[in-house]
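The values are calculated or read from the model by the stated rules, or taken from the named source; none is laboratory data. Just so it is clear, the structure is predicted and the values come from calculations on it, not from any experiment. Don't worry about glycine lacking a Cβ; one is built from the backbone with ideal geometry, like all the others, and counts go over all protein chains shown.
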Amino acid sequence: MTLANSMLIPLLPIMEKQLGISSVQSSLIITVYAAIAIIFIPIAGYLSDRFGRKKVIIPSLILAAVGGGVSGLGAWLMGGLEAYWVILAGRFVQGIGAAGAFPIVIPLVGDMFKSEEEVTNGLGIVETSNTFGKVLSPVLGSALALLLWFLPFLIIPLFCLISILAVSFLIKIPGGELDEKLTLKVFANSIKQILQQKGRWLYTIFGIGGISMFVLFGFLFYLSSILEDRHQIQGIQKGLMLAIPLVAVCFFSFLTGKLVGKNKQRMKWLTFTGLVIVTAAMLACGWLQVKALFPLMSLLFATGIGIGIVLPCLDAMVTEGIDKKQRGTITSLYSSMRFIGVAAGPPLTSLLLGNETALFYTFAAIAAAAALFALFTIKPKTAG
């Protein structure tokens with residue numbers, strides 16, 4: 001699912017030239033996918049709590065495959081704005097599929113392991129895999145686009161087919177996962193009760209998850225644009241440059257997942273520390289008005305470190321703090337907030353590309369606000 005989205009980031013400037021569209025229009029290729037997922041993720045979470053994780057994941061992967069195929073065929077067989085609208089339609093369908101795929105993996109990991117330490121380690125590996133997909137994405141997307149600019153769309157059904165087979169034959173359903181008596185009324189009341197009891201720290205985690213994705217996809221969109229326009233870096237070389245900050249996210253997600261264990265106090269302070277690193281790096285980018293590539297990449301690498309520290313802590317807190325029966329729904333709300341960040345990052349960045357100082361100060365201010373919320377509203381004893 002990460003490949004299906006992030007793989008298109010290096011493709012956006014190429015698409016602008018091929019279809020004759022603006023940077024704002026190209027950013028909607030990412031946004032429409034995330035925006036529709038935001039709506040359907042809570043529905044998928046509820047269905048997974050009631051009927052089982054696999055019964056939601058597999059049909060969702062089929063939808064994602066269909067959506068990728070529609071976008072690829074539209075780009076292949078049409079041109080100009082006609083192709084653009086078909087690509088958006090395909091991404092719309094693909095976003096519905098994405099809603100019931102990756103977000104359901106998080107509660108599934110919580111179901112599969114008994115101890116909190118095993119759950120945290122498992123979530124660290126999942127977050128690392130998610131980020132490793134982001135590392136591979138720009139390189140693979142750039143390489144495929146060298147053959148045919150729309151090939152990244154057409155490869156998505158193949159990835160989905162592999163995932164469908166893997167989920168069908170390799171995932172074993174833990175006992176006690178189903179709750180077919182979970183009516184919509186009972187479901188709504190239980191969610192209301194959870195949010196009343198634990199809303200203070202849950203809302204903070206939801207918000208920080210969204211902010212992390214907003215900053216990540218915002219600066220990736222920015223980097224994709226300036227590498228091509230300012231530095232004339234294209235193709236696989238561009239993909240490798242985009243992967244550099246994502247390597248930091250990937251490595252530190254894995255490391256953090258191993259380090260935090262079941263220590264919720266440590267999760268809180270690592271979350272705060274990661275957000276402070278993001279704030280400092282974004283402030284430095286804005287204040288120094290960095291144009292040279294090496295210092296810019298160094299600061300974006302530091303931003304990746306901060307985000308990599310934050311994400312596994314959030315996953316663990318939101319998963320371990322909720323009973324298994326409501327875990328799918330609550331983690332899906334958390335995933336929706338992350339997708340809001342994914343949806344908002346590229347369009348806002350495209351609007352501020354003409355004023356890079358304002359862009360980086362905006363990222364810094366949002367990250368600083370998240371750090372303060374983490375410091376004052378996440379109470380490990382309450383969350384545990």
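Summary table
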quantity	calculated
Check on K262, outside any helix (DSSP H, G or I) and charged (D, E, K, R)	yes
Filter pass, P107 being modelled with pLDDT under 90 and within 26 Å of S224 (Cα to Cα)	no
Condition broken by D323, with the remaining ones in (1) at pLDDT below 90; (2) within 27 Å of S137 (Cα to Cα) satisfied	(2)
Candidates V105, V70, V93, V56 - the one that is among the β-branched types (V, I, T) and out of contact with any Gly (no Cβ under 7 Å at 6 or more places or on another chain)	V105
Residues of segment 352-374 satisfying the condition of being surrounded by 14 or more Cβ atoms within 10 Å (Cβ to Cβ) and either touching a Pro at 6+ places or on another chain (Cβ under 8 Å) or at pLDDT below 90 (or both)	L352, L353, E356
Any hit, segment 229-242, residues being touching a Gly at 6+ places or on another chain (Cβ under 8 Å) and assigned to a helix (DSSP H, G or I)	yes
Residues of segment 130-186 classified as in a loop (DSSP other than H, G, I, E, B) and at pLDDT 80 or above, total	5
Boolean, G308 is more than 14 Å from G218 (Cβ to Cβ) and more than 22 Å from the chain's Cα centre (by Cα)	no
Test: residue in segment 9-29 that is of a type in the set (V, I, T), surrounded by fewer than 24 Cβ atoms within 10 Å (Cβ to Cβ) and under 20 Å from L136 (Cα atoms)	yes
